[in-house]
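Each reported figure results from applying straightforward, stated rules to the coordinates on display, with no laboratory input. Here the structure is a predicted model, which is why all the values come from computation and not from measurement. A quick note on method: Cβ atoms are made from the backbone with ideal geometry, for glycine too, and the neighbour counts reach across all protein chains shown.
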Amino acid sequence: MNSLLEHIIRNTLFESKKPKYVLKSASVKDFNNAKQIGAEFAFMIKSKNTESSRPGYYKNKPFPQFTWVQNDVVKFLQKHYNSYPSIKKYATDDYIFLMGNIAEAAKKNKILFWIISKKTLFSNSKFRDDEDQVIFDTDPDYFFDETMVHGNFARIGDAEVMRWAQYNLHFIPSKKWGMINKGIETPIGKKVIDPNVSIEYPYKTTTGDVYELPNDKMVYKLSQPESSDDVIFWEYMSKDIFEIGNIWNTKISQTLSPLDKSHQTRINQLNAVSPKKAFI
């Protein structure tokens, strides 16, 4: 009886120490996609717990499913990366582990990783913030030392882990970068937008209505005067960026100038559809 009980306890302890995730090689297609953007290596993390892949499993968790699983996966890598020489050699300050979102799989969670040098990632990506772009283009080393140090990134060894949502905040994602994704993830700090539902314009925001023009890649909003004597202008920003979270970004918006002849047609078109008018 004692031997049986001891056997059960030992098996239970052994099972409890087994990791919930397993590291696998990336498929040939995923590896080639990674190479196209300059990555050094690609691999996949798969969940061994089919129960955790079911939507109801996360119903009472404090985070959405993708956040919970990604946090778990990072902890798994932090604990076990030393066991994988092909990954361990990249766990330095020169590299970033770019982390895709969760695959829409019925039985197991899957997350794809690309390992890429910092300078390659930032050189091959388009910044959302023009100021960040200028700083990086002028002095990449200063950018990493002064700007990126404020980013809240987990680490695998000395390498930073950048989740897709964090990449999406810093950069305008292109199709080739989006190949890392195996599912749908909500960007950090953004509300969920159904990609199948088109936005109707004018779109109301807390700082005014946003307008579109036919065959135009920009959206427009009137500036907010600080006093009644201030002149009102039309501001504009990329439509694609605005529709990520339906948030007007004052850092990247620009102004239509009535002194610029190429802007005057758009100013007139916008004034024609808006109850309030900009200066012209």
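Data overview
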{"read-out": "Residues whose placed amide H lies under 5 Å from that of Asn246, excluding near-sequence neighbours", "value": "none"}
{"read-out": "Radius 15 Å from Cβ of Glu40, net charge of other residues (Lys, Arg +1; Asp, Glu -1)", "value": "+1"}
{"read-out": "Order of Arg128, Arg155, Arg266, Arg163 - criterion: other Cβ atoms within 10 Å of each residue's Cβ, fewest first", "value": "Arg155, Arg266, Arg128, Arg163"}
{"read-out": "Lysine-lysine proximity count for region 195-280, Cα under 20 Å, sequence distance 8 or more or distinct chains", "value": "16"}
{"read-out": "Residue-by-residue Karplus 3J(HN,Hα) for region 33-38, coefficients 6.51, -1.76, 1.60, Hz, glycine and proline x", "value": "4, 5, 5, 4, 9, x"}
{"read-out": "Full-stretch length increase - Ser174, Asp229 - with 0.36 nm per residue and alpha-carbon distance subtracted", "value": "15.6 nm"}
{"read-out": "Local electrostatic count, Lys251, Cβ distance below 13 Å [Lys/Arg +1, Asp/Glu -1]", "value": "-4"}
{"read-out": "Thr250/Glu40 FRET efficiency (R0 51 Å; Cβ-Cβ; nearest 0.05)", "value": "0.85"}
{"read-out": "Least to most buried among Asp129, Asp260 (fewest other Cβ within 10 Å first)", "value": "Asp260, Asp129"}
{"read-out": "Residue-wise HN-Hα coupling along region 171-176, computed from phi with Karplus coefficients 6.51, -1.76, 1.60 (Hz; x: Gly, Pro)", "value": "10, 8, x, 9, 4, 5"}
{"read-out": "For Glu40, distant residues with modelled amide H under 5 Å away", "value": "Ile115, Ile116, Ser117"}
